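The values are calculated or read from the model by the stated rules, or taken from the named source; none is laboratory data. Note that this is a predicted model, so its numbers are computed, not measured. Cβ sites come from the backbone with ideal geometry, for glycine too, and all protein chains shown count toward neighbours. Accessible surface is based on the protein model in full, side chains and every heavy atom, while ligands, DNA and RNA are left aside. Shrake-Rupley method; radii C 1.70, N 1.55, O 1.52, S 1.80 Å.
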Amino acid sequence: MLFGKEHVDRYRATDGAEGHEWQGTTALILTTTGRKSGEQHDTPLIYQRHGDDYLVVASKGGADAPPSWYLNLQSNPEVEVQVLGDRFTARARTATAEEKPELWPIMAAAWPAYDEYQTKTDREIPVVVLERVSS
């Protein structure tokens, strides 16, 4: 996470005026449903656009275990996304092996440390595609 609850609260209160720009890149708020608790969890994540979709990376800084938000969306891929003042429902999916070679460099350009994180773990760090659900 970037800086946790404070980041989420400021982002929400200002429609992203505070928190969207973060350390030279951009952040969104991803809301997942806890796979055990059923509770909503908000996570600020670095993102990039790819066509109409949004991309995020389940890196956890190169840890061997994936982040809990990623495990949550595997159990329930329906998520809420907030980008600036735009809040919408999306379906989250892991990029396929065929898609990842195109998508990873987009994310590594936004946050070069992703390449370093991948060298720290044997786990294949996933790129997650967030596809807006039409209302």
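Looking at PRO105, PRO77, can you tell me which residue is open to solvent by 50 Å² or more (accessible area, probe 1.4 Å), without any contact (Cβ under 8 Å) to a residue 24 or more places away in the chain and of a type outside the set (A, V, I, L, M, F, W, C)? Only one candidate qualifies: PRO105. Residues in region 10-48 that are over 19 Å from VAL79 (Cβ atoms), open to solvent by 30 Å² or more (accessible area, probe 1.4 Å) and not in a loop (DSSP other than H, G, I, E, B): ARG10, ALA13, GLU21, TRP22.
Could you tell me whether region 69-80 includes any residue that is farther than 16 Å from TYR47 by Cβ and among the aliphatic types (A, V, I, L, M)? Yes, region 69-80 contains at least one residue that is farther than 16 Å from TYR47 by Cβ and among the aliphatic types (A, V, I, L, M). Looking only at residues in region 108-135 that are farther than 20 Å from ALA27 by Cβ and among the small types (Gly, Ala, Ser), the one that is most open to solvent (accessible area, probe 1.4 Å) is SER135.
Looking only at residues of region 89-101 that are in contact (Cβ under 8 Å) with a residue 12 or more places away in the chain and more than 16 Å from PRO77 (Cα to Cα), we find that the one that is least open to solvent (accessible area, probe 1.4 Å) is LYS100. Among the aliphatic types (A, V, I, L, M), at negative phi and either open to solvent by less than 80 Å² (accessible area, probe 1.4 Å) or at pLDDT 95 or above (or both): is that true of LEU84 in this structure? Against the criterion (among the aliphatic types (A, V, I, L, M), at negative phi and either open to solvent by less than 80 Å² (accessible area, probe 1.4 Å) or at pLDDT 95 or above (or both)), LEU84 does not qualify. Cβ-Cβ contacts under 8 Å between residues 6 or more apart (or on different chains), taken from a first residue in region 33-51 that is farther than 27 Å from GLN23 by Cα and without any contact (Cβ under 8 Å) to a residue 60 or more places away in the chain to a second residue that is part of a strand (DSSP E or B) and open to solvent by 70 Å² or more (accessible area, probe 1.4 Å), are listed as THR33/GLN40; THR33/HIS41; THR33/GLU78; GLY34/GLN40; GLY34/HIS41. Any chance region 52-60 includes a residue that's under 18 Å from ALA95 (Cβ atoms), open to solvent by 30 Å² or more (accessible area, probe 1.4 Å), modelled with pLDDT of 95 or more and in a strand (DSSP E or B)? Within region 52-60, one or more residues are under 18 Å from ALA95 (Cβ atoms), open to solvent by 30 Å² or more (accessible area, probe 1.4 Å), modelled with pLDDT of 95 or more and in a strand (DSSP E or B). Do you know which of the residues in region 61-74 that are surrounded by fewer than 17 Cβ atoms within 10 Å (Cβ to Cβ) and among the hydrophobic types (A, V, I, L, M, F, W, C) is nearest to GLU131 (Cα to Cα)? Among those that are surrounded by fewer than 17 Cβ atoms within 10 Å (Cβ to Cβ) and among the hydrophobic types (A, V, I, L, M, F, W, C), it is LEU71.
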